[in-house]
Amino acid sequence: MTLRPDLAVIADNVALGARVLDVGCGDGALLAALRDSKGCDARGMEIDAANVAECVGRGLSVIQGDADKDLAFYPEASVDYAILSQTLQTTMRPDLVLEELLRIGRRAFVSFPNFAHWKVRTSLLWTGRMPVTRLLPVAWYETPNIHHATVNDFRDMVRDRGIKVEQAWFLRGDRRCAPAAASFRAEHAVFLLSR
């Protein structure tokens, strides 16, 4: 199974045999890849019951839970990596979820769509409507996205909270792009964070 580009970046940068918690793990594609190719102790939490059932059916260790409420039940420093891929923008309090990730994991991977990408900006400018793109494929009233963050917004938040950015990757479609002007050029961002 081919991983989504942001998940491939994460998988490439998780250490062999690491303990991993994937919050908002969806169908478990990343968990399966980490388990099968990296020998990781990979576990997940997912809000959607159908996705949980699919993961369990694939032999993955996944529980149903809500990132906004249920991360408090995980012990401190219980995993090497806590992962939040394409989920940050759907949480009620992204700042508090991020704090929980870094309490649970020694490091955290966070990926999110960049709402300042030039196509999003242009669509809003010319149509006066919230954009629908390949990566943001539903109308504003159907989207699970409740916080429209940009690369610069995220950088400011982690800086203000004293969180260290160990690495960052920026994606345009299925390819990586340079960090220069990432807030304008990147459709997705992936950050590796620590305290």
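So that you can scan it fast, the table gives a plain yes or no per residue for (1) within 21 Å of Arg161 (Cβ to Cβ); (2) buried (at least 21 other Cβ atoms within 10 Å of the Cβ):
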residue	(1), (2)
Gly17	no, no
Val20	no, yes
Asp27	no, no
Arg35	no, no
Ala42	no, yes
Ala82	yes, yes
Met92	yes, no
Arg107	yes, yes
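Results for (1) of a type in the set (Gly, Ala, Ser); (2) on the phi < 0 side of the Ramachandran plot; (3) over 13 Å from the mean Cα position of the chain (by Cα), shown as yes or no for each residue.
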site: Asp6; (1), (2), (3): no, yes, no
site: Val20; (1), (2), (3): no, yes, yes
site: Val62; (1), (2), (3): no, yes, yes
site: Asp80; (1), (2), (3): no, yes, yes
site: Ser85; (1), (2), (3): yes, yes, no
Search result, residues across region 168-184 that are open to solvent by 50 Å² or more (accessible area, probe 1.4 Å) and touching a helix residue (DSSP H, G or I) at 6+ places or on another chain (Cβ under 7 Å): Arg172, Asp174, Phe184
Lone qualifier among Val62, Val56, Val132 - being open to solvent by 20 Å² or more (accessible area, probe 1.4 Å) and farther than 26 Å from Ala178 by Cα: Val56
The listed residue being small (Gly, Ala, Ser) and modelled with pLDDT under 95, out of Ser85, Ser111, Ser78, Ser123: Ser123
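Against the definition (within 27 Å of Val20 (Cβ to Cβ), modelled with pLDDT under 95, open to solvent by less than 80 Å² (accessible area, probe 1.4 Å) and outside any loop (DSSP other than H, G, I, E, B)), how does Asp153 come out, yes or no? Reasoning before the result, please.
Working: within 27 Å of Val20 (Cβ to Cβ): yes; modelled with pLDDT under 95: yes; open to solvent by less than 80 Å² (accessible area, probe 1.4 Å): yes; outside any loop (DSSP other than H, G, I, E, B): yes.
Answer is yes for this residue.
The values are calculated or read from the model by the stated rules, or taken from the named source; none is laboratory data. Please read these numbers as outputs of a predicted model, since none were measured by experiment. Methodologically, a virtual Cβ is constructed for each residue, glycine included, from the backbone with ideal geometry; neighbour enumeration extends over all protein chains shown. Areas reflect the complete protein model, heavy atoms only, side chains present, ligands, DNA and RNA absent. Shrake-Rupley method; radii C 1.70, N 1.55, O 1.52, S 1.80 Å.
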